[in-house]
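Presented below is the structure to which this report refers.
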Amino acid sequence: MPEIDSPYKIPLFDLNYDSAEEEAVLQTLRSRWISMGPRAAELETKFAAALDVKHALTVTNCTAALHLALRVLDIGPGDEVIVPSLTFVATVNAVCYVGATPVFADITSHSDLNIDPAAIESLVTSRTKAIIVMHYGGFPCAMDEITRVAREHHLSIVEDACHGPLSEYQGRKLGTIGDIGCFSFFSNKNISTGEGGMFVTNRLEYHRRAHLLRSHGMTTLSYERSRGHATTYDVVDIGYNYRLDDIRAALGLVQLQKLRTDLERRARVRERYLERLRHLDRLFIPFADHHGFVSNYIFPVVLRDGRAVRRDAVREQLQNDGIQTSLHYPAVHRFSIHRTGVVRLPSTEYVADNVITLPMYGALAPDAIDYITERLQAALS
């Protein structure tokens, strides 16, 4: 495939595409059906099987899946939803879409960047209706403790599993433990379709409602009518256009087939990073002692005894060395639109000021990892 012009010797992410994706798109174009149809349905079936979940629904992106999840759970004005702040803003925006109030919880620690179950429990009020967890980097939240809190207070759990396709927690796939799971197929995710996502659940009533809302509340869809299964439709709810087209679904089918092999390669990349960085006393390496099967969507490091200006200087030096880095994530409660009163999240704020996301992808070569870690060590010193 043609190379993309980039100023970096080593990019943050590399698309895991080859001629198989090109052929899948070509076959879809030749089929003469490019909007949501048979390939989207096939992706739903195969994704559900891969996660051992009863129902999967393709959608335009993970944000749409999160929005549908909250609609399906009948969350709205006057309700509160407990959310992490160390996440992409979409996790929180979806709460605002339905008119509910996001309540920010701190992360567990610099070594566990997931939402803290104790913080969740301390924030529950009579208005709390749900918890959204985000499995950071594909590493699982403490779902046993979170599930206990949810059961004791009669709360729903939505899993933002955009980082974690096939990641596991005690033998179960992330996204299948709570009431509803939401996945992203954005271009830099483990499954890459440009835009796209998946809504999964084991509850038939949630699947049926989401299926209806996904396409304007219509009782039948264009593909069904084109096949002679219906000739008209009714509209029974205020829904959305959250359909995934068959071109992207075709890409998703190829990516899903490649996923397990790619995750195994990413695990080897992570091991080499850990070998090279464990000895550095100027870094925390989140999830360094986690040994379960995970997606390794990203590889974050956190500066010890640092602050944002120093972290930014380290990133600038790595950029000068031809290494692309990123930040996962700025704290959402600090964004102008989400500043509502005094919110103190010391662990989240420390990590947001000191985290650096290093390159992570299955094709990252050992000598490239060695170069990254050598230049990082030089920048830290």
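The values are calculated or read from the model by the stated rules, or taken from the named source; none is laboratory data. Small disclaimer: the values here were computed from a predicted structure and weren't measured. FYI the Cβ positions are ideal-geometry reconstructions off the backbone, even for glycines, and counts take in every protein chain you see.
If I ask for residues that are of a type in the set (S, T, N, Q), in a helix (DSSP H, G or I) and farther than 24 Å from K173 by Cα, which ones from segment 224-262 would you list?
Of everything in segment 224-262, just one residue is of a type in the set (S, T, N, Q), in a helix (DSSP H, G or I) and farther than 24 Å from K173 by Cα, namely S226.
Please give the helices (runs of 4 or more DSSP H) falling wholly within segment 263-381 in which 2 or more residues are under 22 Å from the mean Cα position of the chain (by Cα).
346-354
Of the residues that make up segment 119-137, is at least one modelled with pLDDT of 95 or more, aliphatic (A, V, I, L, M), more than 23 Å from T101 (Cβ to Cβ) and touching a strand residue (DSSP E or B) at 6+ places or on another chain (Cβ under 7 Å)?
no
Out of all the residues in segment 141-169, which are assigned to a loop (DSSP other than H, G, I, E, B), in contact (Cβ under 8 Å) with a residue 12 or more places away in the chain and of a type outside the set (A, V, I, L, M)?
Listed by number, the residues that qualify are C141, C162, H163, G164, P165, S167.
Each row is one residue, and each column tells you yes or no for (1) over 20 Å from L318 (Cβ atoms); (2) without any contact (Cβ under 8 Å) to a residue 24 or more places away in the chain.
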{"site": "R268", "(1), (2)": "yes, yes"}
{"site": "Y273", "(1), (2)": "no, no"}
{"site": "R276", "(1), (2)": "no, no"}
{"site": "R282", "(1), (2)": "no, no"}
{"site": "F287", "(1), (2)": "yes, no"}
{"site": "H291", "(1), (2)": "yes, yes"}
{"site": "V294", "(1), (2)": "yes, no"}
{"site": "F299", "(1), (2)": "no, no"}
{"site": "D305", "(1), (2)": "no, yes"}
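Among all residue pairs at least 6 apart or on different chains, which show Cβ distances below 8 Å where the first residue, located in segment 54-69, is more than 16 Å from A100 (Cα to Cα) and the second is in a helix (DSSP H, G or I) and among the acidic types (D, E)?
Close Cβ pairs satisfying both conditions: A56/E44; L57/E44; T58/E44.
For the condition within 26 Å of G252 (Cβ to Cβ), among the β-branched types (V, I, T) and in contact with a strand residue (DSSP E or B) (Cβ under 8 Å, 6 or more places away or on another chain), what is the one hit in T60, T101?
T60 is the lone residue from the list that is within 26 Å of G252 (Cβ to Cβ), among the β-branched types (V, I, T) and in contact with a strand residue (DSSP E or B) (Cβ under 8 Å, 6 or more places away or on another chain).
Being in the same structural domain as M360 (by TED's automatic domain parsing) and of a type in the set (S, T, Y) is true for just one of Y206, Y273, Y233, Y242. Which residue is that?
Selected residue: Y273, the only one of Y206, Y273, Y233, Y242 that is in the same structural domain as M360 (by TED's automatic domain parsing) and of a type in the set (S, T, Y).
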